[in-house]
1. Among B:Y329, B:Y302, which comes first, second and so on when ranked by fewest other beta-carbon atoms within 10 Å?
2. Using alpha carbon coordinates only, what is the Rg to Rh ratio of the range B:148-248, with Rh defined as the Kirkwood radius?
3. First check a/c for the range B:140-190, with a ≥ b ≥ c the square roots of the eigenvalues of its C-alpha gyration tensor; if it is under 1.5, answer rounded, and if not, answer prolate when a/b is larger than b/c or oblate otherwise.
4. Calculate I(q)/I(0) for the range B:175-323 by the Debye formula, one identical point scatterer on each C-alpha and no solvent, and give its log10 at q = 0.13 Å⁻¹ to two decimals.
5. Work out the mean other chain Cβ neighbour count within 10 Å for the residues of B:171-184 and drop it here as an integer.
6. What span do the alpha-carbon atoms of chain B cover on each of the three principal axes, reported in whole Å from largest to smallest?
7. With a Förster radius of 25 Å, plug the Cβ-Cβ distance of A:V93 and B:F228 into 1/(1 + (r/R0)^6) and report the FRET value to the nearest 0.05.
8. Per-residue counts of other Cβ atoms within 10 Å, averaged by peptide: what ranking do you get for B:419-425, A:8-14, highest first?
Amino acid sequence: MEIVLAIMIGVLYAAGIYMILRRSMVKLILGIILLGNGANLLIFLLGRITKGSPPLIPTDLYTFSEAYADPLPQALILTAIVISFGLQSFAIVLVKRAYKVVGTDDLDEMNAIDQDS
Amino acid sequence: MTEQLIFYPLLLQLLLSIVLMFSWNSIRLQRVISITGSILNIGISAWLFTYIWNYGTQTIQAGNWEAPFGITFVADTLSALLVLLTSISGLAVSIFSASSIIPARLKFGYFPIFHFLILGLNGAFLTGDIFNLYVWFEIIIISSFVLITLGGEKAQLEGAVKYFTMNILASMIFLTAVAVIYGLTGTLNMADISVKIAALENRGLVEITGILFLVAFGIKAAIFPLYFWLPASYHTPPSAVSAIFGGLLTKVGVYALIRTFTLIFTDNDFLQDILLVMAILTLISGGVGALIQNNLRKVFSYLIICHIGYMIIGLGLFTEVAIAGTIFYLIHDIIVKTNLFMAGGLIYRITGTNNMKLLGGLYANYPKLSLLMAIPLFSLVGIPPLSGFWPKLSLVTASINQGSWWSIGAILFASLITLIIIAKVWAKVFWKDKEEIPKRLNFRYFDKLTGIRKAQMVIPIVFLALVSLYIGFGAEHIQQVSNRVAGELMNNQLYIEAVFKTE
């Protein structure tokens with residue numbers, strides 16, 4: 001399980017960075033989304049995967065008797081998902097506006113700011 | 001009353017943003033609320049600072065969860081100092097915005113977002129939890145995205161796409177680093193990480209995590225070779241926005257670097273050498289970049305990059321004298337850079353252009369304002385006894401003690417190049433004979449503004465000029481503060497003890 005996740009995270013990071021390096025703005029957003037998912041899975045993996053033992057203490061006990069899944073990474077991922085959702089929605093609106101105003105989807109042609117004025 | 005003192009700067013900004021949202025329709029009311037709120041914020045921040053100064057580092061465990069299980073908020077002298085400086089710059093920019101941001105932009109929620117940005121800054125300075133720091137960074141960048149795009153001009157949107165991409169990439173790298181550090185240590189509390197990371201055997205992985213943090217914060221702080229987004233975007237939004245960005249946003253990156261590299265990744269020659277090399281290259285490339293620009297605000301943007309180098313060089317040298325120099329430079333730079341961009345905004349408002357080829361004759365027409373703007377310009381160069389001189393003295397002394405001749409060379413080279421740039425700006429903008437600048441239609445020139453609007457543009461520049469004069473002439477006090485901060489940072493055991501102190 002770990003090895004599959006590790007390979008998947010690697011692929012997501014690589015694909016995300018490749019997409020960010022493309023010239024099209026839509027691909028830029030896709031790259032950011034892939035990278036965000038890769039980071040979330042990385043937190044999940046590094047929080048140690050424990051199967052089938054939720055962090056709940058049985059009613060007749062006061063402490064954990066065996067290894068339990070760490071709940072913190074899931075809280076972190078949830079926070080990170082919400083934040084990246086907000087940022088991605090902003091990115092989509094920004095790219096749409098930029099496409100309307102600048103009239104191109106090509107990042108290389110966005111060079112009005114390099115001129116003196 | 002003072003138990004929750006650390007939260008007051010945060011609560012005040014949150015309250016201000018909410019109140020400002022309720023007065024969405026009345027710009028006049030928003031201006032009044034924002035300015036009075038910012039004045040109140042200075043009071044609270046000064047209270048926090050004097051309290052920390054007298055009683056030492058304070059902590060709050062959110063929800064009363066003991067460290068390291070809950071989120072800890074820590075106010076040591078560095079945090080309290082930065083909150084105070086943020087409030088000073090915040091007040092100046094708030095007053096400046098009231099006049100210089102056009103009503104069309106103010107109508108779309110400029111002030112609420114501005115106070116959200118200050119909230120994020122204060123939160124980032126005060127938190128003691130690495131994941132919480134990530135969340136504050138996100139609050140900062142989402143507010144800054146709105147501020148940089150507000151108005152939706154072509155150049156703004158183009159700049160925003162670049163700014164957005166680099167900042168979100170930095171956040172992702174930061175998140176990756178947090179994941180790795182959680183996997184290594186099993187904790188997110190910075191003091192706890194500091195204790196546990198020292199005991200780790202896998203030093204290679206620790207160094208790689210350090211590099212991840214360095215890249216993530218390096219993008220935000222705009223150090224070489226990660227700064228290219230900054231000159232592509234900082235000159236596009238209105239000058240009040242550039243002022244708060246130039247004064248404070250890059251400094252959050254510097255703060256995060258200082259915090260992680262004095263608390264978590266200490267005594268690591270490999271990382272410190274990398275910091276030193278990056279700082280030297282930042283000083284040189286930023287300075288040379290500024291030389292060839294003709295747009296006044298682009299010149300200032302490159303100067304931000306150049307002067308970030310001074311702060312990083314002190315961190316790379318990592319002696320108490322060097323860190324004191326870094327802190328002093330941080331204090332000086334926040335005030336002066338904010339003021340510089342506001343002065344740039346005033347010049348734009350007077351003449352209608354930022355192009356140095358067209359500008360000229362400002363001294364002949366506005367001698368008093370020119371003399372006022374000379375204060376931030378020459379403070380930046382560091383002509384003694386103005387404020388930029390003293391930290392450079394500490395940094396050069398520390399470099400000599402360490403025998404780091406390259407850094408002395410870079411510090412002096414960057415000072416010289418800054419002098420050349422400022423002399424060029426002064427000659428071209430203020431002294432050159434006035435040529436006919438084409439008048440722009442529908443542009444609110446400075447002369448046409450009412451008295452109170454003119455005052456709102458000039459008073460913040462006077463205010464920050466006075467603060468920077470105080471930093472220069474009262475250098476003794478500032479040096480005392482810097483030394484104390486440096487002492488606390490070099491002895492990170494104090495920070496750890498404060499976090500784990502049980503009542």
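1. Working: B:Y329 28, B:Y302 23.
Going from least to most buried by this count: B:Y302, B:Y329.
2. Values: Rg = 17.1 Å, Rh = 15.3 Å.
Expressed as Rg/Rh, it is 1.12.
3. Numbers: a/c = 7.53, a/b = 3.08, b/c = 2.44.
Cα axes put the range B:140-190 in the prolate bin.
4. So the normalised log intensities are -0.60.
5. On the way: counts 8, 11, 2, 1, 12, 8, 1, 6, 14, 3, 1, 9, 7, 1.
Taking all residues of B:171-184 together, the mean is 6.
6. 69, 55, 41
7. Values: r = 24 Å, r/R0 = 0.98.
The value I calculate is 0.55.
8. On the way: B:419-425: 17.6, A:8-14: 15.9.
Those peptides, ordered most packed to least, come out B:419-425, A:8-14.
Quick note: the coordinates plus some simple rules give every number you see, no bench work behind them. This structure is a prediction, so every number in the text was calculated from the model and none was measured. Cβ sites come from the backbone with ideal geometry, for glycine too, and all protein chains shown count toward neighbours.
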